[in-house]
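First comes the structure, then the notes that go with it.
The values are calculated or read from the model by the stated rules, or taken from the named source; none is laboratory data. No experiment lies behind these values; they were computed from the predicted model shown. Using ideal geometry, Cβ is built from the backbone for each residue, glycine included, and neighbour counts are taken over all protein chains shown.
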Amino acid sequence: MSAASPVPHQFQHQSLTLISSLLPVSNAAFFLVEPGMQHRGAVIFNGCQDIEKQYTQKYSSMDPLSPDRFRNTATRVATLDSQIAPHLLKQSRYYHEFMLPNGHRYVADMFFRQDKQIVAILSILRAENLGNFSATELELLNNVQPFMEYSLNTVYLPQRQQERQSFHAQFQLTDRELDVLELLISGANNKQIASELNLGLATVKTHLHHMFQKTGVQSRAELVSRSLQILQAR
């Protein structure tokens, strides 16, 4: 959420646009990382949002670029082929069940840290025909990473937290209700919210009902309108 541009994932969208303008990209994803190294709040560039759900529910533990492998490192950028030999990758379930069906072959991940802990990852994906990442491209990504990390830690994450705290203080919204509100403002429907937060549709509707009562509105549209007015007034 942002007063200037009240979309929860605006920083991720802009970052993905920047990267796609610097080098050839088939797909990309920018997601936050929870303390338990779980993905959260993914924004997908040129791909299906369901890919992230597939990954988190079944394939994340198989990924040679899993953030847990980089927990105690200072690595800025890592490629898939630097973590596993190509012939071994092509023998793996991860490749045949997840990468190949989604048209992925080459991957480069940018890791963003706060107090030495990984808090976000930008994953750049390429189809076979685009070829692997060159040394020049990897140098470019390594040079861009510090600026993006600085922006993430000094602008986006603090502002997002301040705005969540403001809505909590004003309306006593719970953390999960704040998650729902962020997605609602970004334009997500109930099904998309349920998928993103791993909730049932009935649970999403219950959260919305409670939020209507707490904020004194009668509909989704009224809730979004009032929330945007509050954000723009900050």
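Just to be sure I understand, how many residues within region 1-25 are assigned to a loop (DSSP other than H, G, I, E, B) and modelled with pLDDT of 95 or more? So the count comes out to 3. Restricting attention to region 105-131 and to residues that are in contact with a Lys or Arg (Cβ under 7 Å, 6 or more places away or on another chain) and of a type in the set (D, E, K, R), the residue that is surrounded by the fewest Cβ atoms within 10 Å (Cβ to Cβ) turns out to be GLU128. Note on region 74-124: residues that are touching a Leu at 6+ places or on another chain (Cβ under 8 Å) and aromatic (Phe, Trp, Tyr) total 3.
If I filter region 143-161 down to residues being β-branched (Val, Ile, Thr) and either crowded, with 17+ Cβ neighbours inside 10 Å or touching a residue at least 60 places away in the same chain (Cβ under 8 Å) (or both), which single residue comes out as farthest from ILE121 (Cα to Cα)? This residue is VAL155. Any residue in region 59-87 that's free of Cβ contacts under 8 Å to residues at least 40 places away in the same chain: show its pairings with residues that are among the polar types (S, T, N, Q) and outside any loop (DSSP other than H, G, I, E, B) at Cβ separation under 8 Å, as long as the two are six or more apart or on different chains. Cβ pairs passing all conditions: SER66/SER60.
Here is a check on your reading of the model: is LEU140 over 23 Å from SER20 (Cβ atoms), crowded, with 16+ Cβ neighbours inside 10 Å and aliphatic (A, V, I, L, M)? Taking the combined requirement at face value, the residue does not satisfy it.
Among the residues of region 93-107, those that are closer than 14 Å to GLN54 by Cα and among the hydroxyl-bearing types (Ser, Thr, Tyr) comprise TYR94, TYR95. Summed over region 135-147, residues that are under 16 Å from PHE30 (Cβ atoms) and out of contact with any strand residue (DSSP E or B) (no Cβ under 7 Å at 6 or more places or on another chain) total 2.
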